[in-house]
Amino acid sequence: MFADRTAPGADVQSLWRSARSARCEAKTCQTGKISTAEAAAQSHIARDAAVQTEQSKDAVQDFRQEVQVDYTGLLSFLQRVEDAVIKELNKNWKSHAFDGFEVNWTDQDETVLCLHTLSYPEAQDQNLQVTSVSWNATGSVIACSYGRLDDGDWSTEKSYVCTWNLDRRVLNPQHPDLVVDVPSSVMCLAFHPSQPSLIAGGLFSGELVVWDTSRTEDPVIWRTGMTDDTHTDPVYQVKWLPDTKHRNHARLLSVATDGKILVWREEQDGRLALAEGFAVVAQQIPRSTQLKKVAWGEAAVGVTSLSFSHFDPSVFVVGVEGGYSLRCSATAQAPTLPRPGGSVPLRAPAEFAFSPHAGPVYSVSCSPFHRQSCFLLPASPRNLFLSCGTDGQVHLHSMLQTQPLFALQLSKKYLFCVCWSPVRPLVFAAASGEGVHLFDLARSMQKPTVSLKQSVSDCPVYCLEFNTKHTRLLAAGDAAGTVKVWQLSSDFTEQGPREMSHLEQLASEIMD
């Protein structure tokens with residue numbers, strides 16, 4: 001009835017894996033994509049709301065009570081320190097520790113940059129050259145004259161005087177603010193020292209003209225005309241002089257290669273009348289064994305440049321075609337050799353002759369610096385002047401000795417202009433047939449500190465002038481008809497400690 005028996009096993013298939021696979025897209029732990037949406041929180045209506053609370057009267061009263069000053073104690077303190085403060089102020093006033101320092105609030109700059117390149121295309125089309133540049137009394141307007149300093153029919157060619165205001169917001173470097181047509185080549189320019197709109201020019205014909213740049217219709221207000229008093233040769237420099245008799249007026253000085261140095265006064269009829277004059281004649285030049293031989297049979301000695309002493313208005317230096325410089329006196333009374341014509345007798349101003357250049361002198365520049373304690377010394381800054389000429393040399397002279405303190409071979413080509421810095425006693429600039437040279441005697445007495453290319457080609461630079469108001473600006477005009485305005489680095493405009501003493505020391509060492 002009972003027997004062993006093996007029953008078949010039961011097989012139940014698991015369904016949980018297939019059910020899970022049906023519910024999940026992928027066997028991974030990554031969550032599903034999160035849905036996002038941007039919602040602006042800015043309201044449609046904007047409204048300003050001030051958070052400053054109004055100050056209550058009680059708060060004002062509390063504040064006033066907090067800042068009350070003990071005037072009795074303050075007075076007692078000031079009385080105690082008064083003697084000590086006055087003593088220290090007197091010591092500072094008498095001290096020379098900071099002589100030569102000038103405050104400069106501008107940023108330091110180590111490079112020289114070209115700010116503007118100005119030109120007048122019509123003048124360039126005629127191949128005219130920039131013969132002179134001048135800054136006006138405010139230092140914001142630059143003027144240039146166009147003419148010729150080389151070959152060409154100078155006497156018949158029309159020329160121009162152009163001005164640019166560098167303070168204009170929209171400056172067109174090829175469109176001057178003012179263009180004045182001149183029937184003769186303009187050889188030199190000079191703005192009036194105090195009236196920004198007046199500018200004087202010397203012409204190739206020997207005439208002088210004064211323009212008022214504020215008048216657009218007819219800017220000519222004075223001129224010499226062609227008379228027996230007028231120069232018979234081209235005028236190479238004009239300069240405004242203060243009128244000692246009339247404070248509000250200025251006289252005009254001109255020099256030319258006819259040997260005359262003439263001083264003109266204004267007349268109400270628009271005419272410049274001759275007030276006084278000088279003539280440099282070979283027979284009356286002080287002879288020196290150091291001078292080159294000159295043609296003593298020729299009476300007139302061509303004057304090319306002039307510079308007045310900044311400390312004695314009766315002393316001036318002239319450069320002449322014979323290659324030398326002359327110290328002259330405006331108080332000289334000796335008459336020149338008799339000459340026919342002329343309404344005013346001319347005097348002989350030359351008193352002292354300096355050792356010459358190897359060619360004509362084109363520019364002289366008297367030092368604008370001095371020290372009260374050294375005016376009798378030969379090497380005093382007030383006695384120094386620079387000269388340059390066709391030999392490519394710059395001479396540093398003392399007015400009290402014949403030989404130059406030093407002669408620097410600055411260029412292999414002509415030097416047309418030399419100009420002392422208005423702010424640094426050891427810095428000067430020179431214009432040459434190669435470009436503009438900036439010289440710093442504190443760095444080197446042998447070579448220029450910086451040489452600036454005026455153009456891509458070796459274009460001669462005929463004229464340059466520092467801006468006495470904006471002392472970092474230097475303007476230079478060239479034979480291609482362009483004027484470049486250079487911005488000098490702080491190295492050339494910030495006077496170092498005891499810089500004038502350094503110049504005296506350099507000059508004294510050379511003299512010894």
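The values are calculated or read from the model by the stated rules, or taken from the named source; none is laboratory data. Predicted model, so just to flag it, every value in this text is computed and none were measured. Using ideal geometry, Cβ is built from the backbone for each residue, glycine included, and neighbour counts are taken over all protein chains shown. Protein only, heavy atoms only, side chains kept; ligands, DNA and RNA dropped before computing areas. Shrake-Rupley method; radii C 1.70, N 1.55, O 1.52, S 1.80 Å.
Of note:
- Hits in region 86-139 - residues which are buried (at least 16 other Cβ atoms within 10 Å of the Cβ) and at pLDDT below 85: GLY100
- Residue match in region 64-85 (condition: at pLDDT 90 or above, under 30 Å from VAL180 (Cα atoms) and not hydrophobic (A, V, I, L, M, F, W, C)): no
- Of all the criteria given as (1) within 18 Å of GLY323 (Cβ to Cβ); (2) in contact with a strand residue (DSSP E or B) (Cβ under 6 Å, 6 or more places away or on another chain), the one not satisfied by ASN383 is (1).
- With respect to the conditions (1) in contact (Cβ under 8 Å) with a residue 12 or more places away in the chain; (2) assigned to a loop (DSSP other than H, G, I, E, B), TYR160 lacks only one, and its number is (2).
- Only a single criterion out of (1) closer than 17 Å to TRP135 by Cβ; (2) touching a residue at least 60 places away in the same chain (Cβ under 8 Å); (3) of a type in the set (S, T, N, Q) is not satisfied by THR257, namely (1).
- Each residue in region 381-409 was checked for being among the hydroxyl-bearing types (Ser, Thr, Tyr) and part of a strand (DSSP E or B), and 2 pass.
- Of all positions in region 122-137, at least one carries a residue that is free of Cβ contacts under 8 Å to residues at least 12 places away in the same chain and not in a loop (DSSP other than H, G, I, E, B).
- The set of residues in region 449-480 being surrounded by 19 or more Cβ atoms within 10 Å (Cβ to Cβ) and of a type outside the set (A, V, I, L, M, F, W, C) consists of GLN454, PRO460, TYR462, GLU465, ASN467, THR471, ARG472, GLY477, ASP478.
- Comparison of LYS413, LYS469, LYS447 shows that the only residue that is over 21 Å from SER309 (Cβ atoms) and without any contact (Cβ under 8 Å) to a residue 24 or more places away in the chain is LYS447.
- Test result for ASP440, acidic (Asp, Glu) and open to solvent by less than 10 Å² (accessible area, probe 1.4 Å): yes
- The set of residues in region 264-300 being in a strand (DSSP E or B), at pLDDT 80 or above and either open to solvent by 20 Å² or more (accessible area, probe 1.4 Å) or hydroxyl-bearing (Ser, Thr, Tyr) (or both) consists of ARG265, GLU266, ARG271, ALA275, GLU276.
- Looking only at region 213-257, and only at residues there that are in contact with a His (Cβ under 6 Å, 6 or more places away or on another chain) and modelled with pLDDT of 90 or more, the one that is least open to solvent (accessible area, probe 1.4 Å): ALA256
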